[in-house]
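Nothing in this text is a laboratory measurement; each read-out follows from the coordinates by a stated rule. What you are looking at is a predicted structure, and each value in this text was computed from that prediction instead of being measured. Positions of Cβ are generated from backbone atoms using ideal geometry, with glycine treated the same way; all protein chains shown enter the neighbour counts.
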Amino acid sequence: MGIRSHSHSHSHTSLLFLLLVFNIIFPTLNGRTVENNWNSTSSGSLNRNSFPNGFLFGTASSAYQYEGGANEGGRGPSIWDNFTQRYPHGTLKGGVNKVGIKYYNDLINEVISKGLQPFVTLFHWDLPQGLEDAYGGFLSPKIVGDFKDYSELCFKEFGDRVKNWITLNEPFSFITHGYDSGTFAPGRCSPLYAANNCSGGDSSTEPYLVAHNQLLAHAAAVGIYRTKYKSQKGQIGISLNGAWMVPINNSIANKEGANRALAFTYGWFMEPLKSGNYPSVMVKYVQERLPKFTKEESSMVKGSFDFIGLNYYSAKYAENATCSDELGLRFSTDYCVDLTFDRNNIPIGPMAASPWLYSYPKGMENIVMYTVKKLNNPVIYITENGYSELNTGNFSKHDNTRIKYFVDHLSSLQKAIKRGANVKGYFAWSLLDNFEWADGYTIRFGIVYVDYKRGLTRRLKDSATWFKQLLHH
């Protein structure tokens, strides 16, 4: 699907990558309780004051999904422009886009002037096509130096005002969809799985290589921030995503399968951040296809976060499976677990418009507590959580199902906080309806409706009014 412009008033541009994500935080009004006026989703204990002092609420967005203006202001093509149809050049040597820097300076200043606080993500999946062409993008260790340079440019230009940085958004999604199934840019997979017309690739090795280089790029950015930009007094982390894994029954084999699935999806990134090594179960199952950290790389990755961003949407049933490579090795079968949303033809929870999204609120508490245990109770921000509906082409103001989803998940998050989890904020996905990657404009996640046919007019859905009441009454 081609890119549509999301604005007719600004020139939207990139610096080196068009990547910044803003989690816009609503100003909080301390000392005021909020009555939930939505009878169908009422939750007596859910209001602003039932969360810890200083707890941040906001919404999340992403540059590629929001901005449009694909050919304006010196913006070069990204792998998603190429993927959805086919340089700034992506490196400092290729020059810095001053128009792009001005655009983001203006945006940051505007956000702050409204009493909001920006959290900025450096990479949200739209790699410059120039880097993909030059050396294969994240398949090459060369990306580490370029990502470090790009990150430093952002710290230098914006770090006097931006105090919360996220290096990568959902490396797991970028890697598995981009290099195992090929359903996301850059659309690589083994020929055997090339139903999506993959542009080459190897699903048995490339996901692991890309993960390795993403972790090293993340650690390099954190390293430069901690050594050269200490005086800015900010914090830096990474946003990981994971479905919660529920054993399909209480058998030991299926409990082990659920734990293994968590290790391969969430632990893949979390364990290196904790120990500088991959999960032992991955080493056992993937063997020589799993890259190894050098001693220096291991110490660089270990502890390279001030907080963990957690994107949680849904859960799956996990059933232990017999390992089989008869169709060829690939990441998604390496952990020998069958994942499903149904048990005895009963779904794990109510299904949203997205086929991967079933509401399972308890998974929020579970995955937060899993993170608490694995990383010794780190600072956590829920950087994405949301519910999709179909784009019918008509304004759908009443989205009580989304409100119920938010209420149920915030209530589950409260339980984790009461159990001692150090959760400091919650960001709903998403402020506005937007371009949802492979789903294009067919589904809507926004709490604000965007009318694509009538000049991108915006109208509040009930969920936006509910969110406002939660925070301001």
Cross-chain or 6+ apart pairs with Cβ under 6 Å, segment 321-350 first and β-branched (Val, Ile, Thr), then part of a loop (DSSP other than H, G, I, E, B): Val337/Ala321; Ile348/Phe341; Ile348/Tyr360
Check on Phe445, more than 22 Å from Val372 (Cα to Cα), crowded, with 19+ Cβ neighbours inside 10 Å and within 21 Å of the chain's Cα centre (by Cα): yes
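Out of Lys397, Lys404, I need the residue that is more than 28 Å from Phe269 (Cβ to Cβ), surrounded by fewer than 17 Cβ atoms within 10 Å (Cβ to Cβ), touching a helix residue (DSSP H, G or I) at 6+ places or on another chain (Cβ under 9 Å) and not hydroxyl-bearing (Ser, Thr, Tyr). Which one?
Values: Lys404 fails: surrounded by fewer than 17 Cβ atoms within 10 Å (Cβ to Cβ).
Criteria check complete, one pass: Lys397.
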Residue, farthest from the chain's Cα centre (by Cα), within segment 414-432, restricted to residues that are among the basic types (Lys, Arg) and over 15 Å from Tyr370 (Cβ atoms): Lys418
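Taking the residues in segment 170-212 that are of a type in the set (Phe, Trp, Tyr) and not in a loop (DSSP other than H, G, I, E, B) as candidates, determine which candidate is surrounded by the most Cβ atoms within 10 Å (Cβ to Cβ). Before you say what the answer is, go through the steps one by one.
Just the residues of segment 170-212 that are of a type in the set (Phe, Trp, Tyr), to begin with: 172, 174, 179, 184, 193, 208.
The next check asks that each one be not in a loop (DSSP other than H, G, I, E, B); those that pass are 172, 174, 179, 193, 208.
Working: Phe172: 21, Phe174: 24, Tyr179: 29, Tyr193: 18, Tyr208: 21.
For segment 170-212, the residue satisfying everything is Tyr179.
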